[in-house]
1. How much net charge surrounds residue 55 when only the other residues with a Cβ under 14 Å from the Cβ of residue 55 are counted, with Lys and Arg +1 and Asp and Glu -1?
2. Run the reach check for residue 47 against lysines, Cα to Cα strictly under 18 Å, same-chain hits fewer than 8 apart removed. What comes back?
3. Once you put a point 7 Å from the Cα of residue 162 and another 7 Å from the Cα of residue 128, both along the Cβ direction, what distance in nm separates them?
4. Any idea what the alpha-carbon Rg over 2.2 N^0.38 Å comes to for the chain?
5. List the pairs from 55/141; 57/110; 85/141 whose alpha-carbon separation is above 20 Å, in the order I gave them.
6. So what's the net charge close to residue 124: Lys and Arg +1, Asp and Glu -1, counting the other residues with Cβ under 12 Å from its Cβ?
7. Could you pull out every one of the aspartates and glutamates with an alpha carbon less than 18 Å from that of residue 158, ignoring same-chain neighbours closer than 8 positions?
8. By how many nm would the segment from residue 50 to residue 73 lengthen if fully extended, with 0.36 nm per residue of separation less the alpha-carbon distance?
Amino acid sequence: MRTLHLMFSALCLISLTIPAFAAKYKEGEVSGGGTIEGSVVYHGPVKTRTVLPTKDKSVCGGIRKEPLVVVGDDGAVKDSVVFLKDVAAGKPWPKVSGGGRPVLDQESCKFKPHVQVARRGKIDIVNSDPVLHNTHGYYGKRTAFNVALPIQGGKVTKILRSPGEVRVDCDAHGWMLAWIYVVDNPYFAQTGDDGKFSIADVPPGDYTLAVWQEELGISEVPVTVAANETTTIPVELKGR
């Protein structure tokens with residue numbers, strides 16, 4: 001009996017320490033869906049990072065500075081990711097451009113794209129350079145993937161298993177940097193040069209709109225969506 005008791009206690013401990021899997025998003029038709037649109041702006045100081053290539057300079061180029069927030073006219077923020085949190089069901093996932101999987105390429109010792117949004121699932125990692133790249137993605141300090149690509153034109157497929165921010169470095173070229181924001185529902189947008197976003201076919205209801213930017217982190221705004229109406233949400237990001 002004591003052995004059974006110990007086994008039961010161990011099982012209970014395991015159930016407490018292993019996080020439950022998030023419910024799978026359910027695709028379907030949306031009746032009376034509304035739209036959330038707006039602009040993401042930032043009016044604070046813009047920090048830069050110095051890129052200092054130390055090897056493979058014929059491929060990687062020279063010293064340069066890169067802004068940590070890309071700001072355009074009237075403070076418009078490029079490459080912020082806007083998404084709704086905790087949506088269990090709604091419109092179908094959009095098709096990936098080209099009909100395939102999302103791609104993270106390495107060209108001229110730069111990741112392309114620098115920022116992208118992806119759903120949980122497969123991603124192709126490609127090396128377009130004639131030098132070795134070791135592509136290393138992290139959820140915080142936890143490795144998401146770690147891929148050596150020694151040959152130009154090489155491709156490896158990996159899986160993004162969890163939602164959230166993935167920072168990507170190259171272990172062979174330490175200045176290389178990219179970001180993948182993994183979402184668990186299709187209600188998202190990525191801002192362009194004008195800082196604008198639009199999220200359509202949202203089931204009526206109350207939501208939390210989240211805005212992520214690589215340097216400024218996440219800001220959250222409550223939003224109510226009415227049937228067949230457009231809700232405009234201006235978002236001003238703050239420094240941290």
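1. Around residue 55, the surrounding residues sum to -2.
2. Straight-distance partners of residue 47: 65, 78, 238.
3. Label-label distance for residue 162 and residue 128, simple model: 3.1 nm.
4. Working: Rg = 20.8 Å, N = 240, 2.2 N^0.38 = 17.7 Å.
Output field value: 1.18.
5. 55/141; 85/141
6. Spelling it out: positives minus negatives among the neighbours equals +3.
7. Excluding near neighbours in sequence, the set is 105, 124, 169, 171, 184.
8. Values: separation 23, 0.36 × 23 = 8.28 nm, distance 2.37 nm.
That pair, residue 50 and residue 73, stretches by 5.9 nm at full extension.
Each value in this text was obtained by applying a stated rule to the coordinates, not by laboratory testing. All values reported here derive from a predicted model rather than from experimental measurement. Neighbour counts run over all protein chains shown; Cβ positions are idealised from the backbone, glycine included.
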